[in-house]
1. Please state which one of A:Arg77, A:Arg70 is over 21 Å from A:Ala158 (Cβ atoms), charged (D, E, K, R) and within 14 Å of another protein chain (Cβ to nearest Cβ).
2. What are the residues in the stretch A:82-102 that are more than 9 Å from chain B (Cβ to nearest Cβ) and either touching a residue at least 60 places away in the same chain (Cβ under 8 Å) or aliphatic (A, V, I, L, M) (or both), if any?
3. Between residues in the stretch A:105-129 that are more than 14 Å from chain B (Cβ to nearest Cβ) and under 14 Å from A:Val149 (Cβ atoms) and residues that are in a loop (DSSP other than H, G, I, E, B) and not β-branched (Val, Ile, Thr), which pairs lie under 7 Å by C-beta distance while being six or more apart or on different chains?
4. Select from the stretch B:157-187 the residues that are assigned to a helix (DSSP H, G or I) and either in contact with a Ser or Thr (Cβ under 6 Å, 6 or more places away or on another chain) or within 14 Å of chain A (Cβ to nearest Cβ) (or both) and write down the one among them that is farthest from B:Ala223 (Cα to Cα).
5. Specify which of the listed residues (B:Gly137, B:Gly94) is surrounded by 11 or more Cβ atoms within 10 Å (Cβ to Cβ), within 30 Å of B:Ser171 (Cβ to Cβ) and touching a Phe, Trp or Tyr at 6+ places or on another chain (Cβ under 6 Å).
6. Of everything in the stretch B:212-238, what is facing another protein chain (nearest Cβ under 7 Å) and assigned to a helix (DSSP H, G or I)? Give them in sequence order.
7. Please state which one of B:Arg107, B:Arg19, B:Arg70, B:Arg99 is touching an Asp or Glu at 6+ places or on another chain (Cβ under 9 Å) and within 14 Å of another protein chain (Cβ to nearest Cβ).
8. Report yes if some residue within the stretch B:32-42 is under 30 Å from B:Arg172 (Cβ atoms) and outside the structural domain of B:Leu176 (by TED's automatic domain parsing); otherwise report no.
Amino acid sequence: MIELDNVAYNYGGAELFSGLNLQLAAGSFHFLTGPSGAGKTTLLKLCYGELVATSGQVRLFGQDARALSRDDVAHMRRRIGVVHQDCQFLDHLTVSENIALPLSVSGHATTSSDLTDLLGWVGLSQQAQQLPPQLSGGERQRAALARAVIMSPEVILADEPTGNVDWEMSQRLLALLVELNKMGKTVLIATHDISLIRAAKAQVSARVLRLKDRRLQLAGADI
Amino acid sequence: MKILNRLLELLAGDPQADRAVPPTGFTARLTLLSSGAMAFLAVFALALSLATGRLADRWSAELAKTSTLRISAPQDQMEAQTRAGLTVLQSTPGIAQARPLTDDEQRELLAPWFGPDLPVETLPVPQLIEIIEDSDGYDSTGLRARLQAEVPGAVLDDHTRWREPLVEAASRLRLLGFVSMLLIAGATAAMITLAANAALAANSQVIRVMRLVGAQDIYIARAFVRRFTLRALIGAAAGTFIGTLAVMLLPSADAAGGFLTGLGFQGWHWLWPLVIPILAAVVAFVATRQAALRTLKEQS
């Protein structure tokens, strides 16, 4: 699905990471952890084509990301659902309009029953007509997850999806992501929340990768 | 044709794309106002251009078909010289009609300078013969040569001397009208481009989010292009309506009016202003599309 081969990324002249190798196979579940500033968000951005690697090769669905045109990247993003840490909503659109946005921009018709089902799945049926600023942190993250999956993408990337929510809500979000993985979706979650990783490992076979000292390595058994 | 199809498709619109890009207040007002003002000016430029075109054609046609033979001779020889002149003219191919002006007609011609009661018959005023050409026209060089030999006091004035500068002036005015319209179109495009760039900058976060969820540049651009095209169309329609009304209220053209009272539209030319809003929409479409695609490329 997504492969990073000997990838390096420099930011502002300084090397953020290098020699990085990663393979996200179909149906796999990965956690990406590491200290703040290690480059977890940057790594995710490389995975959905928002950034281009300084060196090495990023392959998205078998294609070299560097060779993709802007239109190709747009098409690729319809196959990759992303839950951003800050959600990235359009505040003048309602929650249901925000969730349906990927369908709108790709020219697909939005069926109200599908949208209703999705809102019910993430528990936001009552908030459908509200504006994003009216939602709580947990509701925003669930709305972001709903938007990430509405195109039925093959890969779901989540950047600190539980960063601003309480334990109960983080478990609820995790359950949704695990459910998606059981439906065959490839999931990569960037988080520094060790308790979330432990809770996930009890439910699903997940690999934990640690980004530390500019290198990506498999985490030890302590997690 | 391709642009027109795109334009029609664009006007049909995509309500979801329109919802996604929020309207930016000042750019909307700027586009409406500037396209309205430019359309108002364009109506006058068009009216000027068409009026001067008519004038140039009329002067050219009227003066080209007439000329004058002036007989200067002592009073006792005037009649004989006039008869000789008429004989030459009547036997010249290309001349349909030649007739001497009457005293009244000559008095009328001199009235602006000497008043209406000029005793023309007692003054040594040359006799004028009006010549009207047929469709083929005559050979003025050949006629001059014959007149020089047969009617020594005759001077042929085929109006070329003063017709050409007049026609040239009118043609230049017509050209100026067209140039003005081009400048108006260019200024409209520049203002709409500025407004579109401002709207794109104000909506950079919206653009980022739309890209993150898989929007192609053309989809994002279309949302901006449609909005600016419609605004330009509405603004220009209003400006054209007011401009046309103002032209209608100008004093009507009549025989004594001269050029300024003829500054307006005549006959089917009243339909020409309808083209202005359409052109404004096309200009806005092209300008916004270029601006949007360029900005989106720069932002990527």
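The values are calculated or read from the model by the stated rules, or taken from the named source; none is laboratory data. All values reported here derive from a predicted model rather than from experimental measurement. Because the Cβ atoms are built from the backbone with ideal geometry, glycine has one as well, and the counts that use them run over all protein chains shown.
1. Being over 21 Å from A:Ala158 (Cβ atoms), charged (D, E, K, R) and within 14 Å of another protein chain (Cβ to nearest Cβ) holds for just one of A:Arg77, A:Arg70, which is A:Arg70.
2. Answer for the stretch A:82-102, where residues must be more than 9 Å from chain B (Cβ to nearest Cβ) and either touching a residue at least 60 places away in the same chain (Cβ under 8 Å) or aliphatic (A, V, I, L, M) (or both): A:Val83, A:Gln85, A:Val95, A:Ile99.
3. The qualifying pairs are A:Leu119/A:Ala128.
4. Start the filter on the stretch B:157-187 by keeping residues that are assigned to a helix (DSSP H, G or I), which leaves B:160-187.
So of that shortlist, the ones also either in contact with a Ser or Thr (Cβ under 6 Å, 6 or more places away or on another chain) or within 14 Å of chain A (Cβ to nearest Cβ) (or both) come out as B:167, B:170, B:173-174, B:177-178.
Working: B:Val167: 49, B:Ala170: 45, B:Leu173: 41, B:Arg174: 39, B:Gly177: 35, B:Phe178: 33 Å.
The selected residue is B:Val167.
5. B:Gly94
6. B:Leu212, B:Asp217, B:Tyr219
7. B:Arg19
8. no
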